[in-house]
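Notes follow the structure.
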Amino acid sequence: MKVLVAMSGGVDSSVAAAQMVEEGHDVIGVTLKLWEGPNGEAPTAGCCTVSDSEDARRVAAQLDIPYYVLNYTSAFSQGVIDKFVDDYLRGWTPNPCVECNRSVKFDKLLNQAAEFDCDVLVTGHYARVQETGGQYRLLRGLDSSKDQSYVLYMLKQEQLAKVQFPVGEHTKAETRAIAGELGLRTALKPDSQDICFVGRGDYRDFVDGQTDVATSPGDMVDTAGNKVAEHTGVAGFTIGQRRGLGVTFGDPRYVIKVEPATSTVVIGKKEDLETVDCVLSDLTWIGDSHEGSATFQYRAHGEPAACRVEATEDESWLVTFDRLQLAIAPGQAGVLYQADEVLGGGTITRGT
Amino acid sequence: MLYVDHAATSPMRPEVWEAMAPFVGDSFGNASGLHGVARKAKNALEEAREQAASFLGASPMEIVFTSGGTESDNLAVKGAALVGGARGGVVTTAIEHEAVLESAKFLEIFGCPVAVMNPQPSGVISIDDVLNAVTPETAVVSVMYANNETGICQPVAELAALLNGPLLHSDAVQAFASEPLHVDNLGVDLLSLAAHKFGGPKGVGPLYVRSGTNLEPVMHGGGQELGRRSGTHNAMGAVGMTTAMASAVDQRAEFRTRMETERAAFELKMVAAGAVVTGSDVPRLPQHAHIRLPDATNETVLIRLDTAGVAAAAGSACQSGAMTVSHVLAAMGWDAEVAGGSLRFTFGWTTQPGDGLAAAEALLAAWGNTS
């Protein structure tokens, strides 16, 4: 089998590539150049840095596979960055990893894999794909602490047929052990934690660089609309945030809502963050559509919440929780599971 | 493997390797020393200088050994503009190699007036445009002999005949294998070459500096090369380079014919399949084919070629390895999408009869299944 491995320069995709080689496949390694500075320079911090692509290149050389850096800067800018900034400016919580998987990795790159005559696209995601009778299922990675199925909910049958996630069958510790046994230089490399294109900087600084809205001062109001303070820019606030509000009350206050259009930050009490339901739009199902009981995850490593899901009249889906949930942010991905299996997911358009 | 990326670099000729071997052994000396070991290196170096000069119609003291094309370009442009503490101006073209363009940008930081002229849509610069950009402040005009991406030749000798005042520099890094480069016929004051483009080693090249031309050195130190380029002499490289020059000059007539034949075979087949040849109606280097495949993405095609064992390129090599839009094609007025379908196939001294056709067939296969 001929496979294309997306190599980030981290340990997971290094091991994924190594496993494909060990299994005897014909392997091509690629790194996507997603983002660059104003003069075309690669970022020096975060993911996609020069040193990351050099790590990937060296691992590929060690595995004796061809390796290329593909220029995906314009696809990434259109598919991910623009939406990141737009979402931010409408007061949503952007989810760039989901958008990158949707429009870059499992769309453009998957198509390009076919152009290289590759049958399969392999990535270092912690998730599992299972096939029974021509039907594909997407499952959480075996290592629940590293599971990334949440950011893969948008995959469809025809995509699942052409992707493999070898490290999803391992725990992170096993992955590192394999890398160590094979002598891969990335064996001890720390996991990346940042939004890849923001690097070690703050995403607020990044948005600042793209627009001036984030730094316009404005009012901080309570849930009744009364002004309680002023703030220096909506960029400093995110739904559910408790610290750094710049004002103190007798009991804790949280950011309930961010309205960039009017530079308004709404704060309230913990109960104002609670919600019994939320609405999902642009929902896609891995297999058949589903109504009834499920569990619902609305943050990358959040605890799944028991719920019931039902279709609404306007092609959205209403998710009703068994117990009240806190700080569900519009813009985030909402993913429906049954045990370890991803049923489908969408974008949260109404949360707290 | 079919190697059609000679404009990036050529393999070393076996006789070059052989000529260099003694310098890994007994002739290891520092050419600036006093003793016998040093003398061996010094003698070899000066002999190489004489030979290099003879191949260019120059005199030995007009040859400065550098680390190659980039350094020669840097020394020519910066050295001419900054001589004696001046802030001389630079007039150049938008299709130059980055070594020239970035040197000009660097000079701008220090207040040197810089003018960068776009070529005509044909890819050839306009002599009038260049002459009109020259002012009394202009210290150096830099126009390449042939472009490294398109292979299109520039009217350097014609420009030299009309240029009065500033020095004329030409980056002829791509040209030596096929073109008789005689500095007086060209009328240049400064000429950059790189050994590895014609079968010599990497890391060495001459800069021709016309007698009487003052350059501010860029590399400071022990004052080697008459103070024009400090740093321990690379006698091994110099000997390798002149050996390669000798072979190239020797074989030049035959080389041109072989290149023209192979390129014609390549281009004919590609044109029949709908490809468009860049610069087909202007003078080009015979070993250089630059073509555009409608609706193709060069990145994809090049990777498919690589996996099929064919080494080709799109433009000049870039540090990260990721493809970027060529500044040369942009300067010629091509939009990014059109430029993104262009490829560079460059033949060289290892190219054998039949390689042109083989390259075309491989390219057709690689192009065929992409959309």
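The values are calculated or read from the model by the stated rules, or taken from the named source; none is laboratory data. All values reported here derive from a predicted model rather than from experimental measurement. Cβ placement follows ideal geometry from the backbone for every residue including glycine, while neighbour counts extend to all protein chains displayed.
Here are the numbers for this structure:
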| quantity | calculated |
| --- | --- |
| Answer from A:Ala311, A:Ala327, A:Ala333, A:Ala339 - the residue that is within 21 Å of A:Tyr254 (Cα to Cα) and either exposed (fewer than 14 other Cβ atoms within 10 Å of the Cβ) or of a type outside the set (Val, Ile, Thr) (or both) | A:Ala327 |
| Cβ-Cβ under 6 Å pairs, at least 6 apart or on other chains, region B:175-189 side within 16 Å of B:Ala161 (Cα to Cα), far side among the β-branched types (Val, Ile, Thr) | B:Leu186/B:Val156; B:Asp189/B:Thr213 |
| Any pair with Cβ under 6 angstrom, 6 or more apart, that starts in region B:121-135 at a residue that is of a type in the set (S, T, N, Q) and ends at one that is surrounded by fewer than 14 Cβ atoms within 10 Å (Cβ to Cβ) | B:Ser126/B:Gln120 |
| Selection from region B:222-264 of residues that are part of a loop (DSSP other than H, G, I, E, B) and touching a Pro at 6+ places or on another chain (Cβ under 8 Å) | B:Arg228, B:Arg229, B:Ser230 |
| Residue under evaluation A:Gln78, criteria (1) away from chain B (no Cβ under 14 Å); (2) in a helix (DSSP H, G or I), criterion not met | (1) |
| Looking only at region A:232-246, and only at residues there that are modelled with pLDDT under 80 and within 25 Å of the chain's Cα centre (by Cα), the one that is surrounded by the most Cβ atoms within 10 Å (Cβ to Cβ) | A:Ala235 |
| Index of the failed condition, B:Leu305 passing every other in (1) of a type in the set (A, V, I, L, M); (2) within 14 Å of chain A (Cβ to nearest Cβ); (3) within 22 Å of the chain's Cα centre (by Cα); (4) crowded, with 23+ Cβ neighbours inside 10 Å | (3) |
| Qualifying residue in region B:265-276 (condition: of a type outside the set (Asp, Glu), assigned by TED's automatic domain parsing to the domain that holds B:Gly68 and either assigned to a loop (DSSP other than H, G, I, E, B) or surrounded by fewer than 22 Cβ atoms within 10 Å (Cβ to Cβ) (or both)) | no |
| Selection within region B:1-28 - under 15 Å from B:Met236 (Cα atoms), touching a residue at least 24 places away in the same chain (Cβ under 8 Å) and in a loop (DSSP other than H, G, I, E, B) | B:Met12, B:Arg13, B:Val24, B:Ser27 |
| Of residues in region A:276-298 being under 23 Å from the mean Cα position of the chain (by Cα) and farther than 30 Å from A:Gly134 by Cα, the one surrounded by the most Cβ atoms within 10 Å (Cβ to Cβ) | A:Cys278 |
| Region A:266-301, residues that are assigned to a loop (DSSP other than H, G, I, E, B) and without any contact (Cβ under 8 Å) to a residue 12 or more places away in the chain | A:Asp288 |
| Meets criteria (under 14 Å from A:Arg90 (Cα atoms), part of a loop (DSSP other than H, G, I, E, B), in contact (Cβ under 8 Å) with a residue 40 or more places away in the chain and not assigned by TED's automatic domain parsing to the domain that holds A:Ala327) for A:Thr223 | no |
| Breaking point among (1) within 14 Å of chain B (Cβ to nearest Cβ); (2) surrounded by fewer than 18 Cβ atoms within 10 Å (Cβ to Cβ); (3) of a type in the set (Asp, Glu), for A:Asp55 | (2) |
| Matching residues, region A:17-31, being more than 14 Å from chain B (Cβ to nearest Cβ) and surrounded by fewer than 21 Cβ atoms within 10 Å (Cβ to Cβ) | A:Val21, A:Glu22, A:Glu23, A:Gly24 |
| Any hit, region A:105-115, residues being within 14 Å of another protein chain (Cβ to nearest Cβ) and touching a strand residue (DSSP E or B) at 6+ places or on another chain (Cβ under 6 Å) | yes |
| Any helices (runs of 4 or more DSSP H) falling wholly within region A:82-197 and containing at least 1 residues that are more than 30 Å from A:Gly233 (Cβ to Cβ) | A:110-115, A:157-160, A:172-182 |
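To keep it simple, each residue is scored yes or no on (1) modelled with pLDDT of 95 or more; (2) surrounded by 20 or more Cβ atoms within 10 Å (Cβ to Cβ); (3) assigned by TED's automatic domain parsing to the domain that holds B:Leu162; (4) within 30 Å of B:Asn298 (Cα to Cα).
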residue	(1), (2), (3), (4)
B:Ala194	yes, yes, yes, yes
B:Gly231	yes, no, yes, no
B:Met241	yes, yes, yes, no
B:Pro283	yes, no, no, yes
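Listed here are the residues, each with its yes/no results for (1) over 16 Å from B:Leu190 (Cβ atoms); (2) more than 27 Å from the chain's Cα centre (by Cα); (3) surrounded by fewer than 20 Cβ atoms within 10 Å (Cβ to Cβ); (4) not acidic (Asp, Glu).
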position: B:Pro14; (1), (2), (3), (4): yes, no, yes, yes
position: B:Trp17; (1), (2), (3), (4): yes, no, yes, yes
position: B:Asp26; (1), (2), (3), (4): yes, yes, yes, no
position: B:Arg39; (1), (2), (3), (4): yes, yes, yes, yes
position: B:Leu56; (1), (2), (3), (4): no, no, no, yes
